[in-house]
Amino acid sequence: MRQIYLDNSATTPVRPEAADAMREVLLSDYGNPSSFHSLGIKAERIIKEARRQLAAACGVNEAEVIFTSGGTEANNLAVKGVARRHRKRGKHLITTRVEHPSVLNAFRALETEGFEVDYLPVDREGLVSPAEVIAALREDTLLVSVMHINNEVGSVMPVAEIGRLLKEKNPQTVFHVDAVQSFGKLPVDPRKWQADLVSISAHKIHGPKGSGALLCREGLLLEPLFHGGDQEQGIRPGTENTAGIAGFAVACRLALRDREENYRKMTGLKKYLAAEIKRQIKDTSVNGPEEGAAHILNVTFAGIKGELLVRFLAEEGIYVSTGSACHSRRPEPSHVLLAMGLSAEEVGASVRFSFSALTGREDIEYTLEKLEPAVAALRRMTGRKK
């Protein structure tokens, strides 16, 4: 049976080149980067080179790259690290209702510590208004956190405009951008965005799971999430995941090398799939802007249950999802789609297709071949016409 992987917003397959780099570290360059002998020094050099590559990719200084265990840790370190370190200046925080669970739940945890959080609404396309962000600012606002690309519907937030307006009105307020879904696909530019903190991750760009980074503006103080040694400037203690960092660097290099070509390719695949779904299957609608991120397409198929469609397609070797992998196994409907104004029934009938550089036109053709009969079968089960 063919295997068509269209769940790349959840994770991506590791490129062989990244796996080779990791294998070399695991089997040969396995020293502790903090050790002074030759194996330790070689491991330290591997981390230093990876830091250089990531810094260059995002236009920041090497000292501004803090390695983490992934996007979730980077988001928690940014949100909690700012709030707890600077709480004497205020207790007000701002984010949106469509953020990734690792951001939303970090803010909810801070609310139990006495912080006040404004969760801003979005429009039908999943976009927050820069004007509403600025209107919500107070003198005691410590932090604003807005994602770059939404992981469920592909909305591209106007982070550059938000950053500009924010710093004009309240330059002391820290601006955090979750760029996990955009890094390696669109330019990630903290300087242009005037972002103080930016989160990125390896496993969304064909790197390994368990490796990520927080780009932290030089001079910005953060409260560590936990304590130990002085690795990563003492902000993220613990022996570095040298193999994961090495794989991250290789994946970053390959993603940036082919970024524009891959983005054009994914844009074409997305447009083709969206158009053919609308042509072949009645009562369907695309959620989010069709001109949003090239690698994410969220579709509502009226009259079905999205989780059943996911299972039907999996039996044909096609792997898609109903939303964020961080809560897709839970029964709660997508908070993103609800925030965009969809009904609970519409949310339950929605499925996300997400592409990568490895997705081909033949994968989309095979998906379309199996999709229409699957939707028709599910609609017959509910007594709805095709």
>> Go through the range 280-310 and report how many residues are closer than 13 Å to Val375 by Cβ and either of a type in the set (Val, Ile, Thr) or assigned to a helix (DSSP H, G or I) (or both).
In response: 10
> From the set of residues in the range 357-378 that are of a type in the set (Gly, Ala, Ser) and closer than 28 Å to Ile205 by Cβ, which is modelled with the lowest pLDDT?
Replying inline: Ala357
> Taking the range 58-73, which residues are assigned to a strand (DSSP E or B) and of a type in the set (A, V, I, L, M, F, W, C)?
Replying inline: Val65, Ile66, Phe67
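Assess whether Arg52 counts as being at negative phi, among the charged types (D, E, K, R), in contact with an Asp or Glu (Cβ under 9 Å, 6 or more places away or on another chain) and at pLDDT 95 or above.
yes
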> under 25 Å from Ile296 (Cα atoms) and of a type outside the set (Phe, Trp, Tyr), is that true of Glu132?
Replying inline: no
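Specify which of the listed residues (Leu127, Leu165, Leu110, Leu137) is surrounded by fewer than 24 Cβ atoms within 10 Å (Cβ to Cβ), within 30 Å of Arg352 (Cα to Cα) and aliphatic (A, V, I, L, M).
The conditions single out Leu127.
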> Which of (1) in contact (Cβ under 8 Å) with a residue 40 or more places away in the chain; (2) touching a Phe, Trp or Tyr at 6+ places or on another chain (Cβ under 8 Å) is the odd one out, the single condition Phe107 does not satisfy?
Replying inline: (1)
>> Looking at the structure I just gave you, is Ser102 within 30 Å of Ala357 (Cβ to Cβ) and part of a helix (DSSP H, G or I)?
In response: yes
> Hey, Leu225 hits all of (1) of a type outside the set (S, T, N, Q); (2) within 25 Å of Arg15 (Cβ to Cβ); (3) in contact (Cβ under 8 Å) with a residue 24 or more places away in the chain but one; which does it fall short on?
Replying inline: (2)
>> All but one of (1) touching a residue at least 40 places away in the same chain (Cβ under 8 Å); (2) surrounded by fewer than 24 Cβ atoms within 10 Å (Cβ to Cβ); (3) over 18 Å from Pro130 (Cα atoms); (4) not β-branched (Val, Ile, Thr) hold for Asn151; state the number of the condition that does not hold.
In response: (2)
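Which members of the range 235-271 meet the condition of being in a loop (DSSP other than H, G, I, E, B) and not polar (S, T, N, Q)? Break it down stepwise before answering.
Our first condition is that a residue be in a loop (DSSP other than H, G, I, E, B); within the range 235-271, this holds for 235-241, 258.
The answer is Ile235, Arg236, Pro237, Gly238, Glu240, Asp258.
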>> Tell me whether the range 210-225 contains one or more residues that are hydrophobic (A, V, I, L, M, F, W, C) and modelled with pLDDT under 95.
In response: no
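Every residue, every condition in (1) part of a strand (DSSP E or B); (2) under 22 Å from Ser182 (Cβ atoms); (3) modelled with pLDDT of 95 or more; (4) among the acidic types (Asp, Glu), yes or no:
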residue: Ala18; (1), (2), (3), (4): no, yes, yes, no
residue: Arg23; (1), (2), (3), (4): no, no, yes, no
residue: Phe36; (1), (2), (3), (4): no, no, no, no
residue: Ile41; (1), (2), (3), (4): no, no, no, no
residue: Arg45; (1), (2), (3), (4): no, no, yes, no
residue: Ala56; (1), (2), (3), (4): no, yes, yes, no
residue: Asn75; (1), (2), (3), (4): no, yes, yes, no
residue: Leu110; (1), (2), (3), (4): no, no, yes, no
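Quick grid of which residues meet (1) surrounded by fewer than 24 Cβ atoms within 10 Å (Cβ to Cβ); (2) out of contact with any strand residue (DSSP E or B) (no Cβ under 6 Å at 6 or more places or on another chain); (3) not in a loop (DSSP other than H, G, I, E, B):
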| site | (1), (2), (3) |
| --- | --- |
| Gln172 | yes, yes, no |
| Arg191 | yes, yes, yes |
| Ala195 | no, no, no |
| Val198 | no, no, yes |
| Leu220 | yes, yes, no |
| Gln233 | yes, yes, yes |
>> Condition first: of a type in the set (Val, Ile, Thr) and within 20 Å of Glu307 (Cβ to Cβ). Now tell me which residues in the range 1-29 satisfy that.
In response: Ile4, Thr11
> Could you give every pair whose Cβ atoms fall below 6 Å, whose first residue belongs to the range 80-100 and is farther than 14 Å from Leu137 by Cβ and surrounded by fewer than 21 Cβ atoms within 10 Å (Cβ to Cβ), and whose second residue is among the hydroxyl-bearing types (Ser, Thr, Tyr) and modelled with pLDDT of 95 or more, counting only separations of at least 6 or pairs across chains?
Replying inline: Arg97/Tyr119
> Out of all the residues in the range 266-283, is one or more more than 30 Å from Phe67 (Cβ to Cβ), assigned by TED's automatic domain parsing to the domain that holds Leu371, in contact (Cβ under 8 Å) with a residue 12 or more places away in the chain and within 17 Å of the chain's Cα centre (by Cα)?
Replying inline: no
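The values are calculated or read from the model by the stated rules, or taken from the named source; none is laboratory data. Fair warning: this is a prediction, and the values are worked out from it, not measured in the lab. Backbone-built Cβ (ideal geometry, glycine too); neighbour counts: all protein chains shown.
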